[in-house]
Ligand code: SAH
Ligand code: SF4
């Protein structure tokens, strides 16, 4: 299939029409969309609400993939569903398990593209790092994904599908009649994989609504963190329409340095971003905003930077925690990781100012699963300098 469709930074609507002769995939449809397709394909309007509820529970609560297993539906109806619809997930191409238990899945989606999904087990919880796009339009200079062109936005089905294949692999779908395990292996989602989630807003929102739906996967909104490089106009919508926690790829304390590290800063400056964060509706001391700060040797890691970072956050009175990320190197990366002593000194200044300043433990580095190392094997084409400049132009314009 062609991948040369024009790419814009706008939200792309994925047509859900049935392809010639193919079946309609139910994964990723909202409850309303599910109702519509059922009615359009013969389910009686009067019954539609109940059918949506039943099918929804089978798919998202029990992890069922075969209509014939939906035993509270009449046999004839199951057969009708089977003829028109499918419950199709992205295909897991490879699975790597790191020495520290981190799992990295390479997942193939329609068109043959591949995205990476990372599962990070921790004490009492487990976090799944999900991708929102194949590649990224932005060109953050320290990020491996940033060297890869945006191929396309993921559909809502492909986004929630990443969680569902991980649950399959962890064997974590509940079994009817058996008591639920209180501590889930997959308890948290971070939208920190490939891509800028706020440039694929509608699909990310629809997928997260499915993840939060109480009659399905049922993850609390407080266990979902969306990380953005700072798409200022979409930040308020994130609170209103998704309601999840927010992480910001901050990474620099002056506009000059941030322009270089996170080029979207040329369009929305540090002060624009801070203003949007201080307006973020749900922010409170219990739902602080995470400032992600990648530690780059000699670039953004001085004591002055640490003090300026605190000044910014105080000036806007933002309930915040600062997550320091040791830079993960990748082949050809133009930066070096700050020394452990430097990172500790930086963390200490922040801590002394009254903010939590955890240093993120690097996970899964041996399988290139750490933050910013994600990039699938089939999409290695490097952006040319010209392209990078042209895209920086888009971000400015
Ligand atoms: N596009 C979104 C989400 C994906 S990136 C964003 O930029 O926020 C997830 C996090 O990993 C971001 O904070 C990003 O800045 C960070 N990151 C990217 N490359 C990295 C690298 N090489 N080392 C450490 N962190 C990196
Ligand atoms: Fe895209 Fe985020 Fe990487 Fe920047 S850090 S290039 S926004 S994925």
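The values are calculated or read from the model by the stated rules, or taken from the named source; none is laboratory data. For clarity, every value in this text was computed on a predicted model and none was experimentally measured. Neighbour counts run over all protein chains shown; Cβ positions are idealised from the backbone, glycine included.
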Taking only segment 168-203 into account, find how many residues are under 30 Å from residue 294 (Cα atoms) and either away from ligand 1 (no atom under 16 Å from the Cβ) or surrounded by fewer than 16 Cβ atoms within 10 Å (Cβ to Cβ) (or both).
-> 5
Check whether at least one residue in segment 190-202 is assigned by TED's automatic domain parsing to the domain that holds residue 270 and away from ligand 2 (no atom under 16 Å from the Cβ), and report yes or no.
-> yes
Of the numbered conditions (1) in contact with a helix residue (DSSP H, G or I) (Cβ under 9 Å, 6 or more places away or on another chain); (2) farther than 15 Å from residue 26 by Cα; (3) within 16 Å of ligand 2 (Cβ to nearest atom), residue 159 satisfies every one except a single condition; which is it?
-> (2)
Checking residue 298 against (1) in contact with a helix residue (DSSP H, G or I) (Cβ under 7 Å, 6 or more places away or on another chain); (2) over 25 Å from residue 190 (Cα atoms); (3) away from ligand 2 (no atom under 16 Å from the Cβ), the condition it does not meet = (1)
Check segment 214-235 and report whether any residue there is at positive phi and within 15 Å of ligand 1 (Cβ to nearest atom).
-> yes
Considering segment 107-125 alone, what residues qualify as being in contact (Cβ under 8 Å) with a residue 24 or more places away in the chain, under 18 Å from residue 363 (Cβ atoms) and more than 15 Å from the chain's Cα centre (by Cα)?
-> 121, 124, 125
Sort out which residues of segment 142-152 are within 13 Å of ligand 1 (Cβ to nearest atom) and modelled with pLDDT of 90 or more, and write them in order of number.
-> 142, 143
Of all residues in segment 218-263, how many are within 12 Å of ligand 2 (Cβ to nearest atom) and in contact with a strand residue (DSSP E or B) (Cβ under 9 Å, 6 or more places away or on another chain)?
-> 12
Report yes if residue 76 is under 23 Å from residue 206 (Cα atoms) and not in a strand (DSSP E or B), otherwise no.
-> no
List pairs: first in segment 254-270 and farther than 20 Å from residue 313 by Cβ, second within 16 Å of ligand 2 (Cβ to nearest atom) and not in a helix (DSSP H, G or I), Cβ under 6 Å, 6+ apart or cross-chain?
-> 263/139
Take segment 295-331 and flag every residue that is part of a loop (DSSP other than H, G, I, E, B) and within 25 Å of the chain's Cα centre (by Cα).
-> 318, 319, 327, 328, 329, 330, 331
